Amino acid sequence: MAATLTISSRNYSSWSLRGWLIAKLSGIAFEEKLASLDDPSTRAELLLLSPSFLVPCLAHDGLEIWDTLAIAEYLDELRPDCGLIPKEKTARARCRSISGEMHSGFANLRSALPMNLKAHYPGFKVWAGALGDIARIEKIWSEAVARSGGPFLFGAAPTLADAMFAPVATRFTTYDVKLSPVSEAYRATIMDWAPMKEWIAAALEEPEDLDELDVEF
């Protein structure tokens, strides 16, 4: 039975991007269903005004799974050889740890640098509150790449962790964030990743704009 993945805006929704990349990494066959930006709950999620995130939502075999990490764990159990989460015990634990940190943290970064794939702000001055989040993310990236040898966080192939941090790479691109050489190389790896190129190309074709996230900084 083919799965269905409900997503919202490709341009603005970091959680939809994560869920879509996770589904792609799992190798499961799935259809996409797009939630309308006119839906109040969809807009609330994109503007970080909702206490929970119900999109992306994976429907499969009579189940609905709407938390991004829950989707990942479900697909890893369904397809254990897909490489979504590393098999080696230590790497598996680290992958879950940094993915969980991305899932629940970095609120200052989210609010200061909202995802917007159509926009580009050269020389953007990052709000001081987000600098600590950026430093922590760079530390995570550099340590993971040093352990694995890169170019992805856990080696030659992408995993859940790369899907979780992919929207951050887009934010750093949109807002022209200056990074260390290691972090810049990782950002470039993510932006050059074939599924990312596919997602971004579709995002650039979206007709809908969310005025609240298209302000002139």
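Taking 0.36 nm per residue of sequence separation and subtracting the Cα-Cα distance, how much length would be gained by fully extending the chain between Glu184 and Ala93, in nm to one decimal? Mind showing how you got there, number by number?
Values: separation 91, 0.36 × 91 = 32.76 nm, distance 2.51 nm.
Length gained between Glu184 and Ala93: 30.3 nm.
Could you go through the range 134-145 in sequence order and give the Karplus-derived ³J(HN,Hα) for each residue, using 6.51 cos²θ - 1.76 cosθ + 1.60 with θ = phi - 60°, rounded to whole Hz, and x for Gly and Pro?
So the J values, rounded to whole Hz, are 4, 4, 5, 5, 4, 5, 4, 4, 5, 5, 5, 5.
If the cut-off is a Cα-Cα distance under 17 Å, which lysines reach Lys125, setting aside same-chain residues fewer than 8 apart in sequence?
Within reach: Lys178.
Is the range 115-217 best put as rounded, prolate or oblate by its Cα gyration tensor, with a ≥ b ≥ c the root eigenvalues, rounded for a/c under 1.5, and otherwise prolate when a/b is larger than b/c, oblate when not? List each step's numbers first, then the result.
Details: a/c = 2.45, a/b = 1.33, b/c = 1.84.
Oblate, since a/c reaches 1.5 and b/c is not below a/b.
I need the P(r) histogram for the range 45-145: all alpha carbon pairs, bin width 5 Å from 0 out to the longest distance, whole percents.
Cα pair-distance distribution for the range 45-145, in percent: 2, 10, 15, 19, 18, 17, 11, 6, 2, 0.
In the chain, if the dipole is taken from +1 on Lys/Arg beta carbons and -1 on Asp/Glu beta carbons about the Cα centre, which of Gly132, Trp193, Tyr12 is farthest to the positive end?
Gly132
Modelled label-to-label distance, Glu77 and Ser36, 7 Å Cα→beta-carbon offset: nm?
In this crude label model, Glu77 to Ser36 measures out at 3.5 nm.
Skipping prolines and chain starts, which residues have an amide H placed within reach, meaning under 5 Å, of the one on Glu32, given they are 5 or more residues away or on another chain?
Leu5
Counting only helical runs of four or more DSSP H residues, what would the 222 nm mean residue ellipticity of the chain come to if each run contributes -39,500 (n - 2.57) and the total is spread over all its residues?
Computed ellipticity for the chain at 222 nm equals -16000 deg cm²/dmol.
Assigning unit charges at the beta carbon (Lys, Arg +1; Asp, Glu -1) and nothing else, what dipole magnitude in debye, to the nearest 20, does the range 63-171 show about its Cα centre?
400
Values in this text are rule-based calculations from the coordinates and carry no lab data. Remember, predicted model here, so these are calculated numbers, not experimental data. Reconstructed Cβ throughout: ideal geometry from the backbone, glycine too, with neighbour counts over all protein chains shown.
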